Amino acid sequence: SLPSCECNSCYYGSDCSQFSPDCPADANSGDPLFLEPFWMKHAESSAVMVSGWHRMSYKFGYEHGTFISKELERHIRELHAMVGNANTTGKLMVFGTGSTQLLNAAIYALSPQDPPSPTRIVGSIPFFPFYQMETEFYNSKNFEWEGDTSKWKNKVLPSMNFIEFVTSPNNPDGELKDPVLQGPSVKTINDHAYYWPHYTAIPAPANEDLMIFTLSKLTGHAGSRFGWALIKDQVVYQKFQDYMTLNSMGVSRDTQLRALKLLNVLLAEGKELFEFGHRTTRTRWESLNKVMSASERFSLQKLTPQHSTYFQNITAPSPAYAWVKCEKEEDEDCYQALLRDGGIIGRSGSFFNAENRYVRLSLIKSQDDFDWLLQRMKTLVSQEQVHD
Ligand code: PMP
């Protein structure tokens, strides 16, 4: 029967229970729903109930002017110490509405005001597109988007102010990254959204002057919109505070309460979350690699096992995304030419300022999403062999 109009496009039948084989495999967004089973298991201990009269004030329960819950700050510091992924000693903390808000706050805080020429903002291709999009959207006289770091390697003059985004592990390719530019006029924003044991080995605690983390990829609660920055310099910290005050008067107190409850569970059961998370991403990566190894048209990024201080052994790669490359000369537009027609929804390379020969596929959505992606990919690869 035809899909009934009330069912979404992937289901049909009178009660929408029949899965349609025409449904595309949607591997587009980085929504980390792979962690949902952990939270279902811990439904009770992670639940939050807020009465109507509770936490109504702008500042209820918080220290003057900072808008942050000191209890939540303590939980975050304890979690970093437990995981060993960041050194928080001597660092100040600011919360943001997701790390998205903190990215621009960081640019504002690191750029000199009223400069002779705007601070140049750069990233290494392939990079997370929000760095460029936010910088251009705010259209400030203090900073402007400059593009790829490679253009400026070994060419930075002391009179030029630069801010380099360093994303480690990187979105989309999962590599651990170091800064490319050097010199006294270069500052870095270290985006560690994925520097957690589910996505990467943790070789050592990160210890840069400005680091950004997000609850979205740690616990999977992307919809709660909560991130934090660790900041060494007092003046930079003060500028962050000013930005947060004028931009939003701090993060929702309800969100802070939810984050507190979730981190409370992690401090008790974190090992279980990281083991489950890592096992899931690693298994997905292995399954996809197995399918792709039979292909001559597609390849995946190469990632190597590394020693993880968290698991205290060598851990196999477990990236959040597959960075697929179309190997054949004629497949310049990998997504349009191959994946889309094969029923796979992904993100083209140009989104990350790379060639369209690349496509990013998300490996962190629900198990059903991943299983369907794998099935679609198997079909594509087997068709390749029929054509040969
Ligand atoms: N940085 C990177 C590298 C990301 O991939 C993302 C989300 N995909 C973000 C920052 C923003 O995440 P959020 O605003 O949910 O914290």
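Each value in this text was obtained by applying a stated rule to the coordinates, not by laboratory testing. For clarity, every value in this text was computed on a predicted model and none was experimentally measured. For neighbour counting, all protein chains shown are included, and Cβ atoms are generated from backbone atoms with ideal geometry for every residue, glycine included.
Net charge dipole, the stretch 268-388: roughly 340 debye, given to the nearest 20, about the Cα centre with Cβ charges of +1 for Lys and Arg and -1 for Asp and Glu. Per-peptide packing, taken as the mean over residues of other Cβ atoms within 10 Å, places 356-363, 274-281, 244-251, 47-54 in the sequence 356-363, 274-281, 244-251, 47-54 from highest down. Quick check on my link table: of Lys141/Lys325; Lys153/Lys378; Lys151/Lys365; Lys187/Lys365; Lys59/Lys261, which ones sit more than 29 Å apart, alpha carbon to alpha carbon? Those over the limit are Lys141/Lys325; Lys153/Lys378; Lys151/Lys365; Lys187/Lys365. The helix-only estimate of mean residue ellipticity at 222 nm for the chain, built from DSSP H runs of length n ≥ 4 each weighted as -39500 (n - 2.57), is -10500 deg cm²/dmol after division by the residue total.
Taking square-rooted eigenvalues a ≥ b ≥ c of the alpha carbon gyration tensor, is the chain rounded, prolate or oblate, where a/c under 1.5 means rounded and, failing that, a/b exceeding b/c means prolate? Because a/c hits 1.5 or more and a/b fails to exceed b/c, the chain counts as oblate. Shape of the stretch 29-157 from the C-alpha gyration tensor: prolate (a/c of 1.5 or more and a/b above b/c, with a ≥ b ≥ c the square roots of its eigenvalues). Placing +1 on each Lys and Arg Cβ and -1 on each Asp and Glu Cβ, with no other charges, gives the chain a dipole about its Cα centre of roughly 1100 debye.
When a/c is below 1.5 the answer is rounded, else prolate if a/b is larger than b/c, else oblate, so apply that to the stretch 237-321 with a ≥ b ≥ c taken from the square roots of the Cα gyration tensor eigenvalues. Walk me through the numbers before you get to the answer.
Numbers: a/c = 2.76, a/b = 1.88, b/c = 1.47.
Judged from the Cα gyration tensor, the stretch 237-321 comes out prolate (a/c at least 1.5, a/b above b/c).
Local charge for Met56 was computed over the other residues whose Cβ lies under 12 Å away, with Lys and Arg +1 and Asp and Glu -1, and equals +2.
Near Thr245, once Lys and Arg are set to +1 and Asp and Glu to -1 for all other residues with Cβ below 13 Å from its Cβ, the sum equals +1. Under a model in which nothing but the beta-carbon of Lys, Arg (+1) and Asp, Glu (-1) is charged, the stretch 148-213 shows a dipole of about 240 debye around its Cα centre.
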